[in-house]
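The values are calculated or read from the model by the stated rules, or taken from the named source; none is laboratory data. Just so it is clear, the model here is predicted, and its values are computed rather than measured. Glycine gets a Cβ as well: all are built from the backbone with ideal geometry, and neighbour counts include every protein chain shown. In case anyone asks, the SASA skips ligands and DNA or RNA and just uses the protein heavy atoms, side chains included. Shrake-Rupley method; radii C 1.70, N 1.55, O 1.52, S 1.80 Å.
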Amino acid sequence: MQPLTQAEAVARAALVQVRSYRVDLDLTGTPDGPRFASTTTVSFTCRTPGAGTFVDVRAVALEDARLNGRGVDVDRARWQGGRLPLHGLEAENTLFVRAVMECTNTGEGLHRFTDTEDGEVYLYAQSFLDDAARVFACFDQPDLKAPLHLTVRAPEAWEVRANGAGTRVAPGRWEFTPTAPLATYVVSLVAGPYQVWSREHDGVPLALLCRRSLAPYLEDQAPEIFELTAACLDHYHALFGIRYPFGKYDQAFVPEFNMGAMENPGLVVFRDELVFRSAVTEAERERRAVVIAHEMAHMWFGDLVTMRWWDDLWLNESFAEYMGTRVTAAATRFTQAWTSFAVGRKNWGYAADQRPSTHPVAPLEVPDSAAALLNFDGISYAKGASALRQLVEWVGDDDFLAGLRAYFATHAFGNATLDDLLAALARASGKDLSGWAEAWLRRPRLDTLRPQARLDDRGTYEAVEIVRAEPVEAPAARPHRVGLGVYDSAPGGGAVTLRRRVLVDLEPAAPGGRTAVPELVGTAAGRLLLVNDGDLTYAKTRFGPGDLERLGEVLPDLADPLARAVVWSAAADLIRDADWPAGEYLALAVRALRTERSVAVLEDVLHFTAGTVVDCYLPARDRRAAREALVDTCRSVIDSVAGPGPGPGQGQGRLLAAARGLISCAQQPEVRLLRDWLDGRSVPAGLVVDPDLRWRLLGRLVVLDAAGEAEIGAELACDPSTRGAEHAARIRATVGHPAAKARAWKTVTEDQVSSVRLVAATALGFWQPGQDDLTAAYVERYVADMPRLAADRSPHAVRQLAGAAFPRYAVAAGTVAAVDQLLGRSDVGPVLARVVVDAADDLRRALAARELHQASHPGGWPDPPPAGPSATDPGPPGPGPAGAEPVSG
Ligand SMILES: [Zn+2]
């Protein structure tokens, strides 16, 4: 298919205006096969009668097409690229198209899924980003919005839902009320034996849907989801001053979904992993709440007012990300949502923004729809949301909201651009935002902020300043309003708490980037001087003099979870830049996570430490000791929660996070323990060995060569669900034998029958740290096979498969050279190129991190105890950090 270019979209929108779509889908054959009939009648006007254009239709066969009653040539050669040419348009036009279309297994267009548990078939339509034409003939671009009148024929036992409210007018026959004007990319439906839960809130009919095999779980979780939905709806009504504009609000949980969720008006779809089958932590529940709030924000940002073209994607995603986090924190029980954002999502943005593929939040140009897909990354979401948070600090919340209300009122049911939004905000605030927008939204990359302080001999600040450095690759005059926090220990030790936070305006023109903070002069120096305290801005941050060296003592006692998140984020950035040895970060994690009370912080830092620091940034030499130390840390968390005390509650999440961490770091000495847990022996009190945990245990045992195919098959027999099948596929690919690797690689590169999700699971398992000898040859195979795979498969498939199959643990100069060679080939398309550029950058950073680590720990990690008289010092009493000295024996 030929992607739509912006120039084509502009020309088509100048020529035609769509009055309405009438679409009829016949899904009665889909239980038996992928094909369905799609009939569309489009009414549209043309500003230049006599001119021509094209309609998008991605069909298997075109049976009939008529423009104003005249037949349109449907010879296959005419529309093979997904475009049917239309000639001789009149001022008022009616186009009729009858087509045979095909369901996919890639989550694009009408996805068809067969539940492995009960054999039931489920469909859902994903029109985003340019896949609406896989479902019905349309002018598929965001600024040709039109009402849609849908009718569907489906098997009689099926439930069918769409954007508008539906009525079963006869057995198997559904009619939906015409919608408000919709962009084609948000047109959706779900069809199948879905189970439905209904409720009403404030006059808005609410419903939840999922497939039958997940129904017992959603039955339990529906009250929480309804409660969150209602709370968010009330909050948005209060914030935006314009009621939810699309009638009913269905939320459908669907299988094998590519993204987190999709904001189709009246019918939001979510990946059904968000219906929890096993125990989850409060942080995971919070993430689900944020997704619910995020999608609801889109009802205004994106659905009511839609970007004109994909260059303003950020108008959708940055706002939804910002609002989703803000509303979750303000309107639900998940009051710490900004802490999770700081330690999780925001690091996704920081990492993306420092890669060679970085781009502005609002790029000046997105040439075509294929390029638009590449911008769905940490920049459009997390950086954009952070920039908005900073904007709110600048203009003030009241003016910000007043500007938004005016923007919605002016552009409701239409389209808008960055300039429209800035104009509304400027009018409301009386401020000229053009300089701000240029620096924050039009320029890539980020500033570095560094606190500096000079002390007198009594330990009082003589001078304090924040130094702002612009990125050398892309200088930009970014203003910041940033917090500078001074933290103290309580007398006699104990909690480290905020003594004072000063809000500092960093003016871009400040000489040398230096902004003095006179408020702190003459006050006593703190234990920690934290820049970006409160996490109001978006920047790389560094620590004040001596603070980095003190982190090991200060961080475990730092009382404010958001402050800890900011510290962890800065520490991660330091090792990503090879500015601080990975072993120091590891030592900090081993020490501070023992007492980490925030589940979100514990989960994220454990995940990053085990998955990136240990597996990528440390040489093989130090991995055993590192994992031992992490296992010990996890054990100490488990003991502290599972032991006698106030019992589970908040501790439940820490227990689960630590148990998962222990499993992921387990080595030979822990094989017995993993086996015991799997067999239900010696399980810590409060830990439930449910399907998810069982697959984790088995997966690690297989990696450790302590279990194999027999156990995998047995586990799959116990859990024959789709998720069970994905776990089994991933674990089979981890098996450390040449035949298993060969089989897995063949699946990744050749299997187009299985769903992309299932194949990606195999790809994810393929590379394992410590299997270098077994998989070394596959670096070259990746280089040889991926261009062909990319040519054969859809963008979402390429993104998932090429990403999962990348040799991420083959951290070696040879791997970098091989993938650079791949990038030099002429047959590498943009999606594959983007995946490889980003993953290659991660490899380079890992190489640099290893080099620094090895130079600073020449004798291995942790450093061997010093020789000489000091080694005989008795040291402090107490147990000390057991496990941090694994070689002392
Ligand atoms: Zn979104």
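Which numbered condition trips up G241, out of (1) within 16 Å of the ligand (Cβ to nearest atom); (2) modelled with pLDDT under 95? Of (1) within 16 Å of the ligand (Cβ to nearest atom); (2) modelled with pLDDT under 95, only one is false for G241: (1). In this structure, is L373 within 16 Å of the ligand (Cβ to nearest atom), open to solvent by less than 10 Å² (accessible area, probe 1.4 Å) and in a helix (DSSP H, G or I)? So L373 fails the test.
All of H294, H298 fail the test of being within 13 Å of the ligand (Cβ to nearest atom), modelled with pLDDT of 95 or more and either farther than 16 Å from G344 by Cβ or of a type in the set (D, E) (or both), apart from H298. Taken over the stretch 717-736, the criterion of being farther than 15 Å from L701 by Cβ and either in a loop (DSSP other than H, G, I, E, B) or more than 25 Å from the chain's Cα centre (by Cα) (or both) is satisfied by A717, C718, D719, P720, S721. The number of residues in the stretch 171-210 being free of Cβ contacts under 8 Å to residues at least 12 places away in the same chain and in contact with a Pro (Cβ under 9 Å, 6 or more places away or on another chain) comes to 1. Limited to the stretch 514-537, what total is found for residues that are among the hydroxyl-bearing types (S, T, Y) and surrounded by 15 or more Cβ atoms within 10 Å (Cβ to Cβ)? Result for the stretch 514-537: 2.
Selection of the stretch 378-397 for residues being open to solvent by 10 Å² or more (accessible area, probe 1.4 Å) and either aromatic (F, W, Y) or farther than 18 Å from A423 by Cβ (or both) yields Y381, R389, E393, W394, D397. Do we have D130 as outside any strand (DSSP E or B), open to solvent by 10 Å² or more (accessible area, probe 1.4 Å) and either closer than 17 Å to R58 by Cβ or among the aromatic types (F, W, Y) (or both) here? Against the criterion (outside any strand (DSSP E or B), open to solvent by 10 Å² or more (accessible area, probe 1.4 Å) and either closer than 17 Å to R58 by Cβ or among the aromatic types (F, W, Y) (or both)), D130 qualifies.
Results for (1) in a loop (DSSP other than H, G, I, E, B); (2) under 33 Å from the mean Cα position of the chain (by Cα); (3) exposed (fewer than 13 other Cβ atoms within 10 Å of the Cβ), shown as yes or no for each residue.
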| position | (1), (2), (3) |
| --- | --- |
| S20 | no, no, no |
| T30 | yes, yes, no |
| T39 | no, no, no |
| S43 | no, no, no |
| R66 | no, no, no |
| D73 | yes, no, yes |
| R78 | no, no, no |
| L95 | no, no, no |
| R98 | no, no, no |
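Taken together, F253, F270 contain a single residue that is within 16 Å of the ligand (Cβ to nearest atom) and either surrounded by 20 or more Cβ atoms within 10 Å (Cβ to Cβ) or outside any helix (DSSP H, G or I) (or both), which is F270.
Across the stretch 465-494, what is the total count of residues that are more than 28 Å from R443 (Cβ to Cβ) and either at pLDDT 95 or above or not in a loop (DSSP other than H, G, I, E, B) (or both)? Break it down stepwise before answering.
Step one: filter the stretch 465-494 for residues more than 28 Å from R443 (Cβ to Cβ), giving 486-494.
Applying the additional criterion that residues be either at pLDDT 95 or above or not in a loop (DSSP other than H, G, I, E, B) (or both) yields 486-489.
Qualifying residue count, the stretch 465-494: 4.
Scan the stretch 398-432 residue by residue and report those that are closer than 30 Å to Y350 by Cα, open to solvent by 30 Å² or more (accessible area, probe 1.4 Å) and not in a helix (DSSP H, G or I). Those that are closer than 30 Å to Y350 by Cα, open to solvent by 30 Å² or more (accessible area, probe 1.4 Å) and not in a helix (DSSP H, G or I): T417, K431, D432. The residues listed here are P205, P223, P216; of these, the one that is outside any helix (DSSP H, G or I), open to solvent by 10 Å² or more (accessible area, probe 1.4 Å) and away from the ligand (no atom under 16 Å from the Cβ) is P205. Selection within the stretch 1-18: residues that are open to solvent by less than 40 Å² (accessible area, probe 1.4 Å) and assigned to a helix (DSSP H, G or I). The member of this set that is farthest from W310 (Cα to Cα) is L15.
Quick check on G814: is it in a helix (DSSP H, G or I), over 29 Å from the mean Cα position of the chain (by Cα) and not acidic (D, E)? Don't jump to the end; show me each part of the working.
Details: in a helix (DSSP H, G or I): yes; over 29 Å from the mean Cα position of the chain (by Cα): yes; not acidic (D, E): yes.
Criteria met by G814.
Select from the stretch 325-335 the residues that are part of a helix (DSSP H, G or I) and open to solvent by 10 Å² or more (accessible area, probe 1.4 Å) and write down the one among them that is nearest to the ligand (Cβ to nearest atom). Top of the filtered list is R326.
In the stretch 361-370, which residues are under 14 Å from L441 (Cα atoms) and either within 16 Å of the ligand (Cβ to nearest atom) or open to solvent by less than 20 Å² (accessible area, probe 1.4 Å) (or both)?
Taking the stretch 361-370 as the starting set, the residues that turn out to be under 14 Å from L441 (Cα atoms) are 361-365.
Those that are under 14 Å from L441 (Cα atoms) and either within 16 Å of the ligand (Cβ to nearest atom) or open to solvent by less than 20 Å² (accessible area, probe 1.4 Å) (or both): V361, A362, P363.
Filtered by the rule that a residue be in contact with a Lys or Arg (Cβ under 6 Å, 6 or more places away or on another chain) and either at positive phi or not in a loop (DSSP other than H, G, I, E, B) (or both), the stretch 535-565 gives G552, V554, L558.
Matching residues to (1) within 24 Å of the chain's Cα centre (by Cα); (2) in a helix (DSSP H, G or I):
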site	(1), (2)
L606	yes, yes
R624	no, yes
A629	no, yes
I638	no, yes
P684	no, no
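When M296, M259 are checked against the criterion of being closer than 25 Å to D377 by Cα and not in a helix (DSSP H, G or I), a single residue qualifies: M259. Which ones in the stretch 145-162 are in a loop (DSSP other than H, G, I, E, B) and open to solvent by 10 Å² or more (accessible area, probe 1.4 Å)? Residues satisfying the conditions are K145, P147, P155, E156, A157, W158. Being open to solvent by less than 20 Å² (accessible area, probe 1.4 Å) and more than 14 Å from the ligand (Cβ to nearest atom), is that true of even one residue in the stretch 312-324? No, there is no match, as no residue in the stretch 312-324 is open to solvent by less than 20 Å² (accessible area, probe 1.4 Å) and more than 14 Å from the ligand (Cβ to nearest atom).
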